[in-house]
Amino acid sequence: MPAVSKGDGMRGLAVFISDIRNCKSKEAEIKRINKELANIRSKFKGDKALDGYSKKKYVCKLLFIFLLGHDIDFGHMEAVNLLSSNKYTEKQIGYLFISVLVNSNSELIRLINNAIKNDLSSRNPTFMCLALHCIANVGSREMAEAFAGEIPRILVAGDTMDSVKQSAALCLLRLYKASPDLVLMGEWTSRVVHLLNDQHMGVVTAAISLITCLSSKNPDEFKTCVSLAVSRLSRIVSSASTDLQDYTYYFVPAPWLSCKLLRLLQCYPPPEDGAVKGRLVECLETILNKAQEPPKSKKVQHSNAKNAILFEAISLIIHYDSEPNLLVRACNQLGQFLQHRETNLRYLALESMCTLASSEFSHEAVKTHIETVINALKTERDVSVRQRAADLLYAMCDRSNAKQIVAEMLSYLETADYSIREEMVLKVAILAEKYAVDYSWYVDTILNLIRIAGDYVSEEVWYRVIQIVINRDDVQGYAAKTVFEALQAPACHENMVKVGGYILGEFGNLIAGDPRSSPLVQFNLLHSKFHLCSVPTRALLLSAYIKFINLFPETKATIQEVLRSDSQIRNSDVELQQRAVEYLKLSSIASTDVLATVLEEMPPFPERESSILAKLKKKKGPGAVSVELEDGKERGELNGGGDRGGDAAIAASNASTPSPSADLLGLRSAAPVSGAAPSAGSLLVDVFSEAGPAATSAGVNDDGFLSALHAPEASDSPLVEGPGDSDSAPPTAASEDPAPPLPESDELLNKFVCKNNGVLFENQLLQIGIKSEYRQNLGRMYLFYGNKTSVQFVSFNTTVSCPGELQSQLNVQTKTVEPLVEGGAQVQQVINIECLTDFIDAPLLNIKFRYGGALQNISLKLPVTINKFFQPTEMAAADFFQRWKQLSQPQQEAQKIFKASHGMDTEVLKAKLLGLGTALLENVDPNPENYVCAGVIQTKAQQVGCLLRLEPNAQAQMYRLTLRSSKDTVSQRVCDLLAEQF
């Protein structure tokens, strides 16, 4: 930078600043400022032309006044005039004033742009840097439009000075962040990447910031940077501090550049080139080795720089998740930091180990530090460190240490900070459920949880224990006994009363044989808590009382007396009053059989995602839970799988619990369900019922449909065979072969990719409606055949066939339909579907009937597509893009760029993406116009994780759709299906 001459001291400015500082009051300061503003205004408006020095001095004064908090409404033109000066100090002040006071909507922006263009083309490096700094500081869209094409040329030009290259790289980065659509690298891409080989370390440092940002949006275009980054990193890591003397910070060579290189490599999967990968592994090993060396300085700056590189290296090792040796070494290194005297290091070590715990290679190594982590949970002073310790215990938990970890977390919960208690409660509840081999331990743990932290036990937690007790016959008696004993405590939390009321109301008869827990003792114990409870809990207890009348007729008189009391039937709360009146009337007029029917034991709950897990995800984001989209990995189950649970395994929640609903459609069993428990019918959602007898017990799901759909008996549900297995098909009146699928079959199929209900086919004779429901790898479809004429359809017959490979990919059951369809009537057919593995083709539906003596033969494709078996998966932004990068093999990605066929309405797009079956992730993509989704396709053979990114361009009316999954055929098929929807 040019030296400032003595004449540039601006004595008038110094005097003015001194006057302002010497003002005794705010009024005196304002008076002095107003006087100066009047003077400057008169100078600017005077006839005599001001020289450059005077303009600079007065503009500086205006800038100082503005920085004091006063508005400046003049002087802008004088500042613009300073840009044309050939003196550095005058030009500098002009650019400074413009950067601070001129907004992007100013009328002067065109003049400013012209002055900047002149400086950029001047080849004076000092003036070029000033211009680039101004562009970056203002960063408006107008400046991006004007200079986005010029700056890359300056950046890669061979004759550009190093200082200008640094400024150009950082300026381009600023414009790209502000207006990414205007900064198109195109032909400059390879030359920008090769700046990583520049001899000047400052240029490399600036360029890598730009390349990292560009790579995160367009990784394929910049993938050549990986080998160059590894090469540069290797040179830095292997160098001595004296080799890079100008860029050595407290004996650590180029720490900022090293961190940026490691962060850039995290944008890509492990290098495919063996030599590059080997060199990178050597670099990472060297970094880990240097962490073990004695420090070369005792100053904190040395350890900070050294540890910054180490933690970035560990992040890269975790990102690759493919080098067991490095993962274990990283874990051991972090383990040393767990007892470091520096709080920040302990925090970072715990945070990194949480991620390491999810790797199959390093999980066991993480577990070796369990005692240290438990000690941190108990003794750390900083609450944020204690919270990270709790997170790590949760992440490292598996079947072998679940009881120890849950016990320690329960012990800590008694003295835990209020800010983290609710989250701790959720984690204890999830771990107890997930790794419960002995369900009596699970019940003890949850009741203990309610006792210790009842105020923080959400409804989801005690709902969940109720669901599991009801679904497990072998634990019901123990649960009733345990909750009865817990209720005897003098001070009993209301959540305990809720659990006690529900369980004793359902299963109190299992402990009624003991005189110490006789029916009247149970009732009196519950009723002693009644007056202390809130209205919802009282309502639940009233329901338990009426259940007691059914279970224990000897308590009828006592309970009726309670219901008949004025405090109940005249209660000010209408809900309690209504319950008391209705229950009293029911117990008085209903026969024993009617009571037994109305008040029968609750049926098992249908299988679904644990509501506790859903609450934890909502509270802390999906990153709080290990989200694993690896296909075929079922890591961890509810009843104690030996490994960490992936999201797919957790979502099944209690899938391993033997219950009537374990086989949702009865496809795996030939036994008829007619003799099953009453709850066996409540297995899948009945998408057709507006109301039904099961409404009182089965509840209503999110779609408003009732869970009252009975599985068809095996004798009525022959397995559909391929076209060649005609022996197993029902006899048909017509011997003709099935007609080929209608030409519009594919179009009709595409209509149902993002919806499950509607009209599949219609002509002048027949209308076919469809409603369907899918859960995990199972589905149920109802077909409605409507006769639109007044004449009978005779010999009405339907067959469903799975052509070719589809026979081994889908398992389909159908129920036969009536052969006669009256005019104006409708018949329905149930089809049960099991997805064995991923598939491309759709089953064929053939309908044959005679109308007026003429044979009608229609073939359609059933709308069963692979996306129907999606299970939505919530993910945080960091988890999504980490997984996105992991699925970066060419065969794992399918991409389509296509013209919009319909209007680009935001709500319609969201509805279609949700209809696809995936979870629509909000605030994940840096571009708010883009949509990203995540889901797991459930098949019997495996689970296939899928990530989706839809990038609409409203101006061009185009879309770019990118699918990544762990199986190439799935990526391509889902991409093809979804591209037809927009």
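The values are calculated or read from the model by the stated rules, or taken from the named source; none is laboratory data. In this text, all values refer to a predicted model and were calculated from it rather than measured experimentally. Backbone-built Cβ (ideal geometry, glycine too); neighbour counts: all protein chains shown. These area figures cover heavy atoms from the full protein model, side chains too; ligands, DNA and RNA do not enter into them. Shrake-Rupley method; radii C 1.70, N 1.55, O 1.52, S 1.80 Å.
Kindly provide the GluC sites (Glu not before Pro) of segment 106-188 that DSSP labels as loop, not H, G, I, E or B, and whose Cβ sees at most 14 other Cβ atoms within 10 Å. Please report the intermediate quantities before stating the final value.
Values: sites: Glu107, Glu142, Glu145, Glu150, Glu187; in loops: Glu107.
Hits after loop and neighbour filter: Glu107.
Subtract the Cα-Cα distance of Glu360 and Tyr463 from 0.36 nm times their separation in residues, and report this length gain in nm to one decimal.
Values: separation 103, 0.36 × 103 = 37.08 nm, distance 3.25 nm.
Net length gain for the segment: 33.8 nm.
Given R₀ = 56 Å, what would the calculated FRET efficiency be for Asn375 paired with Leu67, taking r from the Cβ atoms and rounding to 0.05? Don't jump to the answer; show the numbers that get you there.
Numbers: r = 51 Å, r/R0 = 0.92.
Computed FRET efficiency for Asn375 and Leu67 comes out at 0.60.
Only residues of segment 80-111 count here: report those whose backbone N is under 18 Å from the spot 7 Å along Cα→Cβ of Glu145, or say none.
Output list for this probe position: 103-111.
Tell me, how many Å apart are the Cα centres for segment 745-795 and for segment 857-929?
25
Would any residue of segment 344-382 have its amide N under 14 Å from a label point 7 Å out along Cα→Cβ of Ser419? List them or say none.
It comes to 381-382, nothing else.
Label segment 332-464 by shape, choosing from rounded, prolate and oblate, from the square roots a ≥ b ≥ c of the eigenvalues of the Cα gyration tensor; if a/c is under 1.5 it is rounded, and otherwise prolate applies when a/b is larger than b/c, oblate when it is not. Walk me through the numbers on the way to the answer.
Details: a/c = 2.34, a/b = 1.44, b/c = 1.63.
Here segment 332-464 falls in the oblate category.
I'd like to compare 275-286, 55-66: which one has the highest average count of other Cβ atoms within 10 Å, and what's the full order after that? Intermediate results must be reported in sequence, preceding the final value.
Working: 275-286: 17.2, 55-66: 21.2.
For the peptides 275-286, 55-66, the packing ranking is 55-66, 275-286.
Of the listed peptides 836-849, 592-605, what is their order by residue-averaged count of other C-beta atoms within 10 Å, with the highest listed first? Working shown, then result.
Values: 836-849: 20.6, 592-605: 15.8.
For the peptides 836-849, 592-605, the packing ranking is 836-849, 592-605.
Ranked by accessible surface with a 1.4 Å probe, highest first, in what order do Trp188, Trp462 come? It would help to have the intermediate numbers written out before the result.
On the way: Trp188 40, Trp462 15 Å².
Heavy-atom accessible area, descending, gives Trp188, Trp462.
Take the alpha carbon gyration tensor of segment 9-75, find the square roots of its eigenvalues, order them as a ≥ b ≥ c, and report rounded if a/c is under 1.5; if not, report prolate when a/b exceeds b/c, else oblate.
Numbers: a/c = 2.01, a/b = 1.58, b/c = 1.27.
The shape class here is prolate.
Measure off 7 Å from each Cα along the Cα-to-Cβ vector at Trp188 and Arg960, then give the distance between these two points in nanometres to one decimal.
1.8
Under the √(5λ) rule applied to the eigenvalues of the Cα gyration tensor, what semi-axes describe the equivalent ellipsoid of segment 169-312? Give them in Å, descending. Each step should come with its number before you reach the end.
Working: eigenvalues 153, 60, 33 Å².
That gives 28, 17, 13 Å for the three semi-axes.
Any idea how far the Cα center of segment 799-822 sits from the one of segment 385-431, in Å?
If you average the Cα positions of each part, the centres end up 50 Å apart.
Give me the percent of the accessible area of segment 144-303 that comes from carbon and sulfur atoms, probe 1.4 Å, all protein chains in place.
Values: 3810 of 7340 Å².
Carbon-and-sulfur percentage of accessible area, whole number: 52.
Determine the distance separating the Cα centre of segment 75-152 from the Cα centre of segment 257-296; give it in Å without decimals.
41
Taking the solvent-accessible surface of protein heavy atoms with a 1.4 Å probe, what is the per residue accessible area of segment 792-850 in Å²?
Numbers: 2210 Å² over 59 residues.
Heavy-atom SASA per residue in segment 792-850 reads 37 Å².
Testing the spin-label approximation: label points 7 Å from Cα along Cα→Cβ at Asn39 and Gln764. State their distance in nm.
9.8
Counting only the heavy atoms of the protein chains, how much of Val944 is accessible to a 1.4 Å probe, in Å² to the nearest 10?
Roughly 0 Å² of Val944 is accessible to a 1.4 Å probe.
Write down the accessible area per residue of segment 898-945 in Å², having rolled a 1.4 Å probe over the full set of protein chains.
Numbers: 2160 Å² over 48 residues.
With all protein chains present, segment 898-945 gives 45 Å² per residue.
I'd like the FRET efficiency for Glu747 and Asp181, computed as 1/(1 + (r/R0)^6) with the beta carbon distance as r and R0 of 56 Å, rounded to 0.05.
0.95
Using θ = phi - 60° and the Karplus form 6.51 cos²θ - 1.76 cosθ + 1.60, what ³J(HN,Hα) does each residue of segment 947-958 get, whole Hz, x for Gly and Pro?
10, 10, 9, 10, 10, x, 10, 5, 5, 8, 6, 10
How large is the accessible surface of Phe251 in square angstrom, using a 1.4 angstrom probe and rounding to the nearest 10?
My reading of the accessible area for Phe251 is about 100 Å².
Please report, as a whole percent, how much of the solvent-accessible surface of segment 376-598 comes from carbon and sulfur atoms (probe radius 1.4 Å).
The value for segment 376-598 is 51 percent carbon and sulfur by accessible area.
Enumerate the residues in segment 925-958 having an amide nitrogen under 13 Å from the point lying 7 Å beyond the Cα of Lys910 toward its Cβ.
Once the point is set 7 Å along Cα→Cβ of Lys910, 929-932 turn out to lie under 13 Å by backbone N, inside segment 925-958.
Run the 1.4 Å probe and let me know the accessible area of His194, rounded to the nearest 10 Å².
Rounded to the nearest 10, that gives 110 Å².
Determine the gain in length on full extension of the stretch Ser121-Ser297; use 0.36 nm per residue of separation and subtract their C-alpha separation, reporting nm with one decimal. List each step's numbers first, then the result.
Working: separation 176, 0.36 × 176 = 63.36 nm, distance 4.69 nm.
The Ser121-Ser297 span can extend by a further 58.7 nm.
What FRET efficiency comes out for the pair Leu836/Gln891, r = Cβ-Cβ distance, R0 = 22 Å, nearest 0.05?
On the way: r = 22 Å, r/R0 = 1.01.
Efficiency, rounded to the nearest 0.05: 0.50.
With the cut-off at 25 Å, report for segment 759-869 the share of all Cα pairs above it, as a whole percent. Show your work: numbers first, answer last.
Numbers: 1427 of 6105 pairs.
Value for segment 759-869 (Cα pairs over 25 Å): 23 percent.
How would you classify segment 209-284 from its alpha-carbon gyration tensor, with a ≥ b ≥ c the square roots of the eigenvalues: rounded for a/c under 1.5, else prolate if a/b is greater than b/c, otherwise oblate?
Working: a/c = 2.88, a/b = 1.53, b/c = 1.89.
Oblate, since a/c reaches 1.5 and b/c is not below a/b.
Just the number please: accessible area per residue for segment 102-184, 1.4 Å probe, all protein chains included, in Å². Spell out each step's value before the answer.
Details: 3680 Å² over 83 residues.
Here the per-residue accessible area is 44 Å².
Which of the lysines could be linked to Lys547 by a straight reach, that is with a Cα gap under 24 Å, when you skip same-chain ones fewer than 8 residues away?
Straight-line reach from Lys547, under 24 Å: Lys481, Lys498, Lys529, Lys556, Lys585.
Give me the number: length gained by fully extending Asp162 to Val581, i.e. 0.36 nm times residue separation minus the C-alpha to C-alpha distance, one decimal in nm. Write out the running numbers ahead of the final one.
Working: separation 419, 0.36 × 419 = 150.84 nm, distance 8.76 nm.
That pair, Asp162 and Val581, stretches by 142.1 nm at full extension.
Of the heavy-atom accessible surface of segment 867-980 (probe 1.4 angstrom), what whole percent is carbon and sulfur? Numbers along the way, then the final one.
Values: 2220 of 4730 Å².
Of all accessible area on segment 867-980, carbon and sulfur atoms account for 47 percent.
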